[in-house]
1. Give the ranking of SER128, SER47 by solvent-accessible surface, highest area first, calculated with a 1.4 Å probe.
2. What FRET efficiency comes out for the pair SER122/VAL17, r = Cβ-Cβ distance, R0 = 35 Å, nearest 0.05?
3. Once you place label points 7 Å from the Cα toward the Cβ at ILE60 and ARG43, how far apart are they in nm?
4. Between Rg and the Kirkwood Rh of the range 104-219, both from Cα atoms, what is the Rg to Rh ratio?
5. Nearest 5 is fine: what % of DSSP beta bridges in the chain come out antiparallel, could you say?
6. Grab the DSSP H runs of the chain that are 4 residues or longer, score each as -39,500 (n - 2.57), total them, divide by all residues and round the 222 nm result to the nearest 500 deg cm²/dmol.
7. If Lys and Arg each add +1 and Asp and Glu each add -1, what is the summed charge of the other residues whose beta carbon sits under 12 Å from the beta carbon of GLY210?
8. Please identify which residues in the range 177-197 have an amide N closer than 20 Å to a label point set 7 Å out from the Cα of LEU8, following the Cα→Cβ vector.
Amino acid sequence: MARKTAQLDSELHEYLVEHGTQPDEVQRELIAETERQFPDRARMRISPEQGSLLTLLTKIARTRFAVEVGTFTGYSALAVARGLDEHGRLLCCDTSTEYTAIAHDHWERAGVRHLIDLRLGSAIETLSALPEQPSIDLAFIDADKTEYVDYWEEIVVRTRPGGLILVDNVLAGGHVVGPDYGDADIRAIRAFNEHALHDERVELTMLPVGDGLTLARRR
Ligand SMILES: C[S@@+](CC[C@H](N)C(=O)[O-])C[C@H]1O[C@@H](n2cnc3c(N)ncnc32)[C@H](O)[C@@H]1O
């Protein structure tokens, strides 16, 4: 099959990032604060180009109810919150008070704090406690890779027809192809990708943005 996706060297990647909507002041501060407080873990945050894509997709899906699994310091949640419809709300799942303290602060500054309901605890418990009705317009999955299939199963049944489900890190740093090194996260991502591919409730595509983003639409 002919390959049309450009190979991005750092110069081309920089060009691509520069030619999309740029992070605003609060988003730039959030990035800086995350790097200051968690220098070893800051790379868990989605990239700015993924952030602008999330905002666009949230707007396109006319999102009134969004769900995020894996909030960290709040960058991706802020991107979703910025795209919500009037009266829209975002439910965020995370286990860490330490990470999400940064999120609270910056959501407040961005004027979106009142739109976000942060639930601390196991995401599976939070999701399974939601009513089993198709109320989700957009979901973003970015927490424990070994639980991706479980998050997916809780979310798909609650997503309205036409609603979007986005899943991060589906290329696992490129390790979804090639030898199996026995890494639990990589195995889990490989298994998740097969699971989603064979799920007839959705149509989907995998975007080579960041570490790979699956974009699924509930039939
Ligand atoms: C990759 S980070 C999320 C990054 C975030 N989406 C962003 O762009 O800034 C993963 C997050 O998932 C959270 N997490 C891990 N396991 C979890 C679980 N079982 N339930 C809820 N959150 C979990 C971690 O605390 C961490 O903040």
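The values are calculated or read from the model by the stated rules, or taken from the named source; none is laboratory data. In this text the structure is predicted, and so the values were computed from the model without any measurement. Here Cβ is always computed from backbone atoms with ideal geometry, including for glycine, and neighbour counts include all displayed protein chains. Just the protein is used for accessible areas: all its heavy atoms, side chains included, with ligands, DNA and RNA removed. Shrake-Rupley method; radii C 1.70, N 1.55, O 1.52, S 1.80 Å.
1. Result of the area sort, largest leading: SER128, SER47.
2. Rounded to the nearest 0.05, the efficiency is 0.55.
3. 2.9
4. Computed over Cα atoms, the ratio is 1.00.
5. Counting DSSP beta bridges with both partners in the chain, the antiparallel share is about 35 percent.
6. -11500 deg cm²/dmol
7. Charge balance in the 12 Å sphere: -2.
8. Once the point is set 7 Å along Cα→Cβ of LEU8, 177 turn out to lie under 20 Å by backbone N, inside the range 177-197.
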